[in-house]
Structures are given as C-alpha cells and as structure tokens.
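Enquirer: One structure, pasted below without further comment.
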Amino acid sequence: MKDSEVGRVKNRAAYFGIFTALALIFSYVETLIPIRFGTPGIKLGLANLVTVIVLFRTGWKDALLLSVTRIILAGFMFGSLFSIVYSLAGGILSLAVMALLERTGKFSTAGVSMAGGVSHNIGQLVVAMAAVKTYQVGYYLPVLLAAGLITGALIGAVAGEVLKRIRNIERI
C-alpha cells in the first residue's frame with residue numbers, strides 16, 4: 001500500500017470513530033429528553049442525523065456500518081436485546097430506502113430523511129407484529145407514519161444545513 005492510501009485509510013477510520021461516537025452521544029442524549037409522544041416507539045431520532053450526513057458524504061456502505069454499529073452499541077449501553085432487534089429492523093429498512101432515494105439525486109436531504117423516518121417506523125412495526133403475533137399493532141401505523149414524516153423532516157433539515165456548512169468549510 002502506498003503512503004497516500006495508508007493515510008486515506010487512517011483518515012477514514014478516524015472519521016468513522018468520530019461519527020460513531022457522535023451517534024452514540026446523540027442516542028444517549030435522546031434517552032435524557034423527557035418528551036413522550038403517547039405512542040410507543042416514537043422518538044426524535046437524533047442519532048439518525050449522523051447516519052444521514054454519512055450517507056450523503058461517504059455513501060451507503062459507510063452509513064450501513066455506522067448505523068449497525070451504533071444500534072448494537074447503544075442497545076447494549078442504553079437499551080435491551082429487544083431494542084436492538086427493533087432498531088436493526090427499522091434502521092436497515094430505513095437506510096435501504098434512503099440509499100435508493102439519495103442515489104437518484106432527485107430528493108433533498110429532508111425528503112430522503114422523511115422517507116427514512118417513515119420506513120424506519122414501518123420496519124419496527126413489522127417486527128412488533130411478528131413479536132406479539134397480531135396485526136392489531138398495525139393500528140399505530142397512521143400515527144407512526146406522521147411521526148416519521150415530522151421527525152424525518154426535522155432531522156433532514158438539520159442534516160442539510162450541516163452538509164451545506166461542511167461544503168462551505170471545504171472551499172476555504
């Protein structure tokens with residue numbers, strides 16, 4: 001490996017560590033926010049801010065690795081085995097949808113994030129239906145879709161602003 005390639009690998013590893021730490025911090029901060037939305041499973045999704053930024057900056061492979069790493073670590077630190085399973089289902093479906101939409105180049109950061117928020121909730125709902133072995137949990141779907149759109153729009157707007165500022169810094 002050439003020196004320049006080694007440097008790129010080291011930089012990439014350092015950035016991945018920073019993004020993982022930031023996502024874990026956001027996961028922890030979210031556990032401290034006393035807001036309850038009245039429906040189980042609804043959260044703001046602060047850690048997804050980092051995932052959206054990584055998806056747009058470095059691609060779906062890095063975003064997938066970050067998302068899975070963060071979900072497993074946060075689950076062991078702040079959650080449970082069930083929270084890991086629910087989060088992985090939602091996170092993987094969400095990332096797949098976001099990666100497909102981002103790849104088209106036809107959607108804004110907020111649009112991609114909104115689709116991710118909705119698909120995340122659908123993934124978790126499917127796991128919940130399988131876990132309790134009833135489709136009655138599906139009655140939460142309209143509330144979860146609305147929550148996914150709202151939180152996805154907020155996370156996407158912030159991610160778009162962060163990405164814009166990163167690009168401005170790189171021009172200097």
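Enquirer: Based on DSSP H runs of at least 4 residues, each adding -39500 (n - 2.57), what is the mean residue ellipticity at 222 nm of the chain after dividing by all its residues, to the nearest 500 deg cm²/dmol?
Expert: Numbers: 6 runs with 140 residues, N = 172.
Mean residue ellipticity, 222 nm, calculated: -28500 deg cm²/dmol.
Enquirer: Give the value in nm², to one decimal: projected area of the alpha carbon convex hull of region 86-141, averaged over all directions. Don't jump to the answer; show the numbers that get you there.
Expert: Values: hull surface 15.0 nm².
Mean projected area of the Cα convex hull: 3.7 nm².
Enquirer: Gaussian network model of the chain, Cα springs within a sub-10 Å range: biggest mean-square fluctuation belongs to which of T51, T104, T20?
Expert: Maximum among the listed residues: T104.
Enquirer: Assuming 0.36 nm per residue, please report the length gained on full extension of the stretch K133 to R103 beyond their Cα-Cα distance. It would help to have the intermediate numbers written out before the result.
Expert: Working: separation 30, 0.36 × 30 = 10.80 nm, distance 3.56 nm.
That works out to 7.2 nm of additional length.
Enquirer: Determine how many Å³ per residue the convex hull of the Cα atoms of region 3-171 encloses. Write down the numbers at each step before the final one.
Expert: Working: hull volume 20.4 nm³, N = 169.
Roughly 121 Å³ of hull volume per residue.
Enquirer: Moving on to the next point. Which residue, R12, R57, R70, tops the fluctuation ranking in a GNM of the chain built on C-alpha contacts under 10 Å?
Expert: Greatest mean-square fluctuation among the candidates belongs to R12.
Enquirer: Then there's this: Please name which of G105, V29, I169 has its Cα lying farthest along the dipole of the chain towards the positive end, using unit charges on Cβ (Lys, Arg +1; Asp, Glu -1) and the Cα centre as origin.
Expert: Going by the Cα projections, it comes out as I169.
Enquirer: Just going by the charge dipole of the chain, with Lys and Arg at +1 and Asp and Glu at -1 on Cβ, which of V126, L95, G148 is farthest out on the positive end?
Expert: Of V126, L95, G148, it is L95.
Enquirer: In debye to the nearest 20, how big a dipole does region 3-171 give about its Cα centre with +1 on each Lys and Arg Cβ and -1 on each Asp and Glu Cβ? Provide the component values of the computation, followed by the final result.
Expert: Numbers: 15 positive and 7 negative charges, 38 e Å.
That gives a dipole near 180 debye.
Any read-out appearing in this document is the output of simple, stated calculations on the displayed coordinates, not a laboratory observation. Given the structure is predicted, the values throughout are model-derived calculations rather than measurements. Here the Cβ is made from the backbone with ideal geometry for all residues, glycine too, and neighbour counts use every protein chain on show.
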